[in-house]
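Written below as C-alpha cells is the structure these notes are about.
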Amino acid sequence: MRQESKHTSATMFMLVLARLLLVVLGLFLFPLGAHAVWWAMRDDVAPSWRAADWSSARLLPQPSAAPQAIVAVYAARVGRWRGIFAHHTWVVVKEADARQYTRYDKVGWGSPVRTNGWVADGRWFGNAPQPIVLIEGEAAQRLIPQIQQAVTSYPYRSAGDYNAWPGPNSNTFVAHVMRQVPELGAALPPTAIGKDWQPFRDIVGLTPSRTGVQVSLGGYAGLTIGWVEGFEVDFLGLIAGLDVRRPAIKLPGWGRIGMNPVTW
C-alpha cells in the first residue's frame, strides 16, 4: 500500500510539473520565440550604436509653439537582439512657457540618471518611441514638482547601481517616478523589463498607480493585480497578462496588443 501511495504521489507530481511546463511554454516561451523570428526578419534594425538614428520622432511640438506645461512618458524598443523582448522608458517635462523640454533617463554608463542626454522625443537606437503618458496644461504643471522630486529621490542613482536584468535599470527608474506620482495614472508596457523590480525586503506592496497589489520576487518572478496595471504574471522578467480597463492582452516579446493605453 505504501509503495502504491508513493507511486501515485510521484505520478501526480509529474503531472503537475508537466502542466506547469506547458503553461510556461504557452504563455512565455512560444510568444517570445515567435517575436524573435519576426524581429530577425526585419531589415531596419540598426547594426550598432553609432549607426542608429537618435533624432526626434516629432511627437512633441516645439516649445515656442506650446506655451502650456507638458508631462510625457515614452517607451521605445532597445537595440539589436535585446529589442526582441525589451523597451527603454524615460520621462519628459516642460513647465509653462519654458523654452525647452527636460528629459530624464536612467542608463548604465556615465551619469546613472541622465538629464537631457537625448532629444526629448528622440528615437532610441533607431526605434521610434511610443507615448505612455501625455498630460498638458494645469494638470501637468501641478505634477512637474512631484516628478522632479521623484527623480531626485531615486535610490539607485549611483555608479554601479544599474543592473540590466532583472533590475534596477532604466525601467525601474521610471516605475519609481510613477510610483511616487500615482496621478500619472498609467502603466509601463509589459516589455519594460525591470519595471516590477523591488528589493527582497519589499516583496509585497501597492502597484505604482496604487490601484492594486504587486508581488515581486526580486524581479525574477511576480504577480500584479491592479485597475490601471491590469493582471500580469512575471516569469524571469517576461510578462503575460490582461488589461480589463483598456482591453488588451500582454505577451512576452510582443508587448501589449489591444486598446491604446495612453493617459492624456
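Below, the figures for the structure above:
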item: Arg80 versus Ala128: modelled label distance in nm, points set 7 Å from Cα along the beta carbon direction; result: 2.6 nm
item: Contact order relative to length of the chain, as percent, for alpha carbon pairs under 8 angstrom and 6 or more apart; result: 17 percent
item: Dipole magnitude of the chain, debye to nearest 20 (Cβ charges: Lys/Arg +1, Asp/Glu -1, about Cα centre); result: 380 debye
item: Calculated FRET efficiency for the pair Arg142/Met41, C-beta based, R₀ 45 Å, to 0.05; result: 0.50
item: Whole-number percent relative contact order across segment 194-264, with pairs defined as alpha carbons under 8 Å at least 6 apart; result: 18 percent
item: R0 of 25 Å, Cβ-Cβ distance Arg114-Ile225: FRET efficiency to nearest 0.05; result: 0.15
item: Ranked Phe28, Phe235, criterion: other C-beta atoms within 10 Å, fewest first; result: Phe235, Phe28
item: Gain upon complete extension [Gln100, Leu206; 0.36 nm per residue less C-alpha separation]; result: 34.7 nm
item: Lysine-lysine proximity count for the chain, Cα under 27 Å, sequence distance 8 or more or distinct chains; result: 5
item: Cα gyration tensor category, rounded, prolate or oblate, for segment 133-183 with a/c compared to 1.5; result: prolate
item: Residue order, fewest to most surrounding Cβ atoms within 10 angstrom, among Thr191, Thr102; result: Thr102, Thr191
item: Residue order, fewest to most surrounding Cβ atoms within 10 angstrom, among Ile84, Ile257, Ile135; result: Ile257, Ile84, Ile135
item: Hydrodynamic radius by Kirkwood, which averages 1/r over all alpha carbon pairs of segment 162-243, in angstrom; result: 12.0 Å
item: Net dipole in debye of segment 62-103 [+1 Lys, Arg Cβ; -1 Asp, Glu Cβ; about Cα centre; nearest 20]; result: 320 debye
item: Identified option (computed semi-axes √(5λ) of the Cα gyration tensor in Å; candidates [x] 26, 24, 19; [y] 36, 21, 17; [z] 31, 19, 17); result: [y]
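All of the numbers you see were taken from the coordinates with simple rules; none came from a lab. Note that the structure is a prediction, hence the values are computed from the model and not measured. We place every Cβ from the backbone using ideal geometry, glycine too, and count neighbours over all the protein chains shown.
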